[in-house]
Amino acid sequence: MNAKPIAVFDSGLGGLTVLQALRARLPHEDFLYFADTRFLPYGEKPEAFLRERGVRIAERLAERGCKALVVACNTATAAAAESIRAAIDLPIVALEPGVKPAIALTQSRVIGVLATTRTLQSERFRRLVDAHGQGIQVIAQPCPGLADAIEEAGTESATVAALLDAYVTPLRVAGADVVVLGCTHYPWVAEAIAARMPPGTCLLDTGEAVARQLERLLAGAGLQGQGGGQVRIATSGAPQQVAATVDRLLGQKMQVEHWEP
Ligand code: DGL
């Protein structure tokens, strides 16, 4: 048994959608959530920058005594997962778009993947599609501006609605019956995405699969917690602003501390 927290990080507050799944499955674990808001969005940044930033954050979180790390950001995984694994000696779960389960589910043999430009351009994503996508049409739709608009303009804003119109329409037109939410910010607008697709379209996010994987890793390493499910949130951005966004997204007031890794 172990009293140390699990670190969860994202470019911003998208990873809170993952944290919700982690808390539901692992109620006795404590979490330290880090939002790299100062550099939000990650989606269009150069791969080398994201790699360096991801390693730095992971090293600092390990130094702070975290016992495991969840990279709750598809973009950071695409750019930095291998480097992070090489840099720190902790159990790590790194998210990537649920292409494999989507392919197992599709009837129309057309799937859509909504993700950041950096995720979709990555070598890792190309390998994922090559490994599982034979005979399947994979519509990879980059969504520049969407993650930051969800945080800054709000999930119900006209800006988000216009971006969703532009990014979801090509999936509907192509006949996709499964949509992969390949960025952890997008579950915040899952209903709005579903409303733009035909009824019965399946939307996939990876939160629960990640929670199961983390549970297995903790059990395998004998690192299960006995905590009270405490959550701390830290940001490299402005804590009050981030706290207001957390409140808007989660409907819960939480303390946010400033932390620069
Ligand atoms: N939430 C992140 C992801 O899962 C990235 C959003 C962004 O910073 O562009 O890819």
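The values are calculated or read from the model by the stated rules, or taken from the named source; none is laboratory data. Keep in mind it's a predicted model, so treat the numbers as computed, not measured. With ideal geometry, Cβ positions are generated from the backbone for all residues, glycine too; neighbour counts draw on all protein chains shown. For accessibility, only protein heavy atoms count, side chains too; no ligands or nucleic acids. Shrake-Rupley method; radii C 1.70, N 1.55, O 1.52, S 1.80 Å.
Given a Förster distance of 22 angstrom, what is the FRET efficiency for A3 paired with K253, based on the Cβ-Cβ distance and rounded to 0.05?
0.30
Using the Cα centre of the chain as the reference point, and only Cβ charges (+1 on K/R, -1 on D/E), how large is the resulting charge dipole? Debye, rounded to the nearest 20.
Around 440 debye, computed over the chain.
Round to the nearest 10 and report in Å² the accessible area of I92, as given by a 1.4 Å probe over the protein chains' heavy atoms.
So the heavy atoms of I92 present about 10 Å² to solvent.
Using Cα-Cα distances under 8 Å and only pairs 6 or more residues apart, what relative contact order does segment 81-218 have, in percent?
Relative contact order for segment 81-218 comes out at 32 percent.
Residues with beta-carbon under 10 Å from that of L95, excluding L95: net charge, scoring Lys, Arg +1 and Asp, Glu -1?
Around L95, the surrounding residues sum to -3.
Please give, to one decimal in nm, the separation of the simple spin-label points placed at T117 and R216, each 7 Å out from Cα toward the Cβ.
3.5
Calculate the FRET efficiency for E44 and A166 from the Cβ-Cβ distance with a Förster distance of 22 Å, rounded to the nearest 0.05.
Efficiency, rounded to the nearest 0.05: 0.90.
Just tell me the longest site-free run in the chain, where the sites are trypsin sites (Lys or Arg not before Pro) in a DSSP loop having at most 15 other beta-carbon atoms within 10 Å.
110-252
What part of the accessible area of segment 85-194, given as a whole %, is carbon or sulfur when the probe is 1.4 angstrom?
On segment 85-194, the fraction of accessible area on carbon and sulfur atoms equals 51 percent.
Across every pair of different alpha-carbon atoms, what Kirkwood hydrodynamic radius in Å does segment 109-261 reach?
Hydrodynamic radius (Kirkwood, Cα only) of segment 109-261 equals 17.7 Å.
Can you work out the FRET efficiency for the pair E59 and A153, with r the C-beta to C-beta distance and R0 = 22 Å, to the nearest 0.05?
Computed FRET efficiency for E59 and A153: 0.10.
Could you tell me the center-to-center distance, by alpha carbons, between segment 1-26 and segment 175-220 in angstrom?
16
Would you list, by chain and number, the aspartates and glutamates whose Cα falls below 19 Å from the Cα of K67, excluding same-chain residues fewer than 8 positions away?
Answer for K67, where 19 Å is the Cα cut-off: D10, E29, D30, E59, E82, D89, E215, listed by chain and number.
What spacing in nm lies between the two simple spin-label points modelled at I136 and A192, each 7 Å away from Cα in the Cβ direction?
Modelled inter-label distance: 2.7 nm.
Leaving out ligands, DNA and RNA, what percent of the accessible area of segment 1-65 is carbon and sulfur, probe 1.4 Å?
Using a 1.4 Å probe with all protein chains present, segment 1-65 comes out at 50 percent carbon and sulfur.
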